[in-house]
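Some notes on the structure that comes next.
What follows draws every value from the coordinates through simple rules; no lab data is involved. Model, not experiment: these values are computed from the prediction. As a convention, Cβ positions derive from the backbone with ideal geometry for all residues, glycine included, and neighbour counts pool all protein chains shown.
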Amino acid sequence: MIAKRLKELAVIPVVTIRNDADAGLLGDALVQGGLPCAEITLRTDAALGAIRILARNKDILVGAGTVLSIEQAETAKEAGAEFLVTPGLNPKVVQWSLDHNIPIYPGISTASEIEMALDFGLTQVKFFPAEAFGGAKTIKALSKPYHMMEFIPTGGISLDNLGQYLAIPQVLACGGSWMVEPDWIQDHHYHRVIVETRKAVQAIMEIRGKTDHP
């Protein structure tokens, strides 16, 4: 189950890639770093090619982000994306995803959007842009009436505030790009990806230790 795997990972690397030829080594770096997952944003012409390459690596969980239309959802699924992430809640895209049995995490930032997601039977959503919309405080507030909903906060997440989010029981995982800077990928500085990914994994372990043993 995708949601279970994302919860285990706790952090989803959100990747903007400019050259699909870089995807293979990026995937290897994420595996070495301990976060074998990538949400490839459909913001560049290289995105679909990168998804195809990563989908061949069975050690990597690969999804498509910034999905704005049914056409993008369809091509991402055909390329091998195992889940979809959208910046907002587009009813047509959500319905298409449900009809085609691919997990989707639509972006929400208000109670009304949460209720729209619930109407579709969704119990996991992306909270975006997280920091701009009040961060962990807002998620805690929304979690009181919507305790059945799990959130993937994305936007402004870093090592500095990761603990605030993962300490919330309703947070499924956090989306972040600080360990996969586009310039590092383009310039083949994969050692930096590995180092920053390992730092994230260490932080996750420490945060979970504190959460499990208050």
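Roughly how far apart, in whole Å, are the Cα centres of the range 1-79 and the range 141-162?
22 Å
Tell me what the chain gives for mean residue ellipticity at 222 nm when only DSSP H runs of n ≥ 4 count, each as -39,500 (n - 2.57), the sum divided by the residue total, rounded to 500 deg cm²/dmol. Could the numbers behind the result be given before it?
Working: 10 runs with 98 residues, N = 214.
Counting only the DSSP helices, I get -13500 deg cm²/dmol.
Given the options 36, 201, 93, identify the residue whose Cα lies farthest towards the positive end of the charge dipole of the chain (+1 on Cβ of Lys, Arg; -1 on Cβ of Asp, Glu).
The residue sitting most towards the positive pole is 201.
Which net charge results for the neighbourhood of residue 84, defined as the other residues with beta-carbon distances under 14 angstrom from its beta-carbon, given Lys and Arg at +1 and Asp and Glu at -1?
Values: positive: 77, 92, 126; negative: 39, 71, 74, 78, 82, 99.
With Lys, Arg at +1 and Asp, Glu at -1, the net is -3.
Roughly speaking, what is the stretch gain from residue 8 to residue 115, that is 0.36 nm per residue apart minus the C-alpha to C-alpha distance, in nm to one decimal? Each step should come with its number before you reach the end.
Details: separation 107, 0.36 × 107 = 38.52 nm, distance 2.62 nm.
Length difference between fully extended and current span is 35.9 nm.
Order these by the 10 Å Cβ neighbour count, fewest first: 137, 77.
137, 77
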